[in-house]
Amino acid sequence: MRTVNLSSLLTPKTFFYIGVAMVLGLLQVYNALSINELAKKSEKLREQIRLNNSMITTQKLTADELQSIHNIEQEALLLGLEASHEPPIEIERTIEP
């Protein structure tokens, strides 16, 4: 059976390679954790955007409803305003030379 000389393995060069491998492994783990954290933040931001878009759509529909001619007519009647039965008067503007 062949014996292994441990003193030949325990050189500064071996420790250096082990150290470099450990640093690279730690960097890989750190990068993976950072990517996971950014993915969570990205998903939260997407959800916020969806909620904001939903709120904006609701507000647009409400504004459109409030600006409808039927709604304006009802509000005018509540204020005591009535539609005129006389035709509108058109004013022509002439530019003098």
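So what is the calculated 222 nm ellipticity per residue for the chain, using -39500 (n - 2.57) for each DSSP H run with n of 4 or more, over all residues, to the nearest 500 deg cm²/dmol?
Details: 3 runs with 69 residues, N = 97.
Helix contribution divided over all residues of the chain: -25000 deg cm²/dmol.
Which residues make up the longest stretch of the chain that has no trypsin sites (Lys or Arg not before Pro) in a DSSP loop with at most 15 other Cβ atoms within 10 Å?
Details: sites that count: ARG2, ARG93.
Longest gap between qualifying sites, sites excluded: 3-92.
Name the chymotrypsin sites (Phe, Trp or Tyr not before Pro) in segment 12-48 that are in a loop by DSSP and that have at most 13 other C-beta atoms within 10 Å, would you?
Working: sites: PHE15, PHE16, TYR17, TYR30; in loops: none.
For chymotrypsin sites (Phe, Trp or Tyr not before Pro) across segment 12-48 that sit outside H, G, I, E and B with at most 13 neighbouring Cβ atoms in 10 Å, the list is empty.
Considering the dipole of the chain built from charges on the beta carbon (Lys and Arg +1, Asp and Glu -1) around the Cα centre, which of ILE91, LEU78, ILE18 is farthest to its positive end?
Of the listed residues, the answer is ILE18.
Please list, by residue number, every one of the GluC sites (Glu not before Pro) in segment 55-94 that is coil in DSSP and has at most 15 other beta-carbon atoms within 10 Å.
For GluC sites (Glu not before Pro) across segment 55-94 that sit outside H, G, I, E and B with at most 15 neighbouring Cβ atoms in 10 Å, the list reads GLU82, GLU90, GLU92.
Rule-based calculations on the coordinates, nothing more; no lab input. No experiment lies behind these values; they were computed from the predicted model shown. Heads up, the Cβs are rebuilt from the backbone with ideal geometry, glycines too, and the neighbour counts pull from every protein chain shown.
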